[in-house]
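Below: one structure, written as structure tokens.
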Amino acid sequence: MRLWLVLLVLSWKLRRHARKNGAFRRYIGTSRVRFLVKTADGRWGRLFVFDGGAVSSRPGAGHACDAALVWSDPATAVRVMLASGEEAAFAAAAEGKMRVEGMAYYVQWFNDAVKLVL
């Protein structure tokens, strides 16, 4: 599966749950977070914007953000993002195939938000 498609489907799910899922709405609450998922070469990416209970997203890797999850390549990103459990993410980080830019708190916040919709 292609990275752009995984990120697009994730954006649809986040937006839908922001409208229909009470637990998710309470979690994102009044948060204002700009989170970017991208590849290291800047070729692929998507910005997720959480703004006072609303969720939007924009394609592209060049957006300003509060935090970013940077993948070495699209194949690694897709493999890890679709894996069940945290082991694949820890392995990717240990191998240098995944890194965080910005505040790590926002990465954990985003990860917890995604868990609520999947």
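The values are calculated or read from the model by the stated rules, or taken from the named source; none is laboratory data. In this text the structure is predicted, and so the values were computed from the model without any measurement. Because the Cβ atoms are built from the backbone with ideal geometry, glycine has one as well, and the counts that use them run over all protein chains shown.
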Subject >> Considering residues of the stretch 17-38 that are surrounded by fewer than 18 Cβ atoms within 10 Å (Cβ to Cβ) and either touching a Cys at 6+ places or on another chain (Cβ under 8 Å) or under 29 Å from Ser72 (Cα atoms) (or both) only, the residue modelled with the highest pLDDT >> reply: Arg32
Subject >> Complete set of residues in the stretch 3-29 that are under 13 Å from Asp51 (Cα atoms) and in contact (Cβ under 8 Å) with a residue 40 or more places away in the chain >> reply: Leu14, Arg15, Tyr27, Ile28
**OP:** Please go through the stretch 1-40 and pick out each residue that is closer than 15 Å to Asn111 by Cα and polar (S, T, N, Q).
**Re:** Ser11, Ser31
Original post:
Which one of these is over 23 Å from Ala92 (Cβ atoms) and touching a Leu at 6+ places or on another chain (Cβ under 8 Å): Ala54, Ala23, Ala67?
Top reply: Ala23
Subject >> 2 or more residues touching a strand residue (DSSP E or B) at 6+ places or on another chain (Cβ under 7 Å), over 16 Å from Val100 (Cα atoms) and polar (S, T, N, Q): qualifying strands (runs of 3 or more DSSP E) within the stretch 21-80 >> reply: 54-59
**OP:** Take Arg34 and decide whether it is touching a Lys or Arg at 6+ places or on another chain (Cβ under 8 Å) and among the basic types (Lys, Arg).
**Re:** no
Subject >> Filter result (modelled with pLDDT of 95 or more and of a type in the set (S, T, N, Q)) within the stretch 69-93 >> reply: Ser72, Thr76
Subject >> Residue that is surrounded by the most Cβ atoms within 10 Å (Cβ to Cβ) [pool: residues in the stretch 95-104 that are at pLDDT 95 or above and out of contact with any strand residue (DSSP E or B) (no Cβ under 7 Å at 6 or more places or on another chain)] >> reply: Glu95
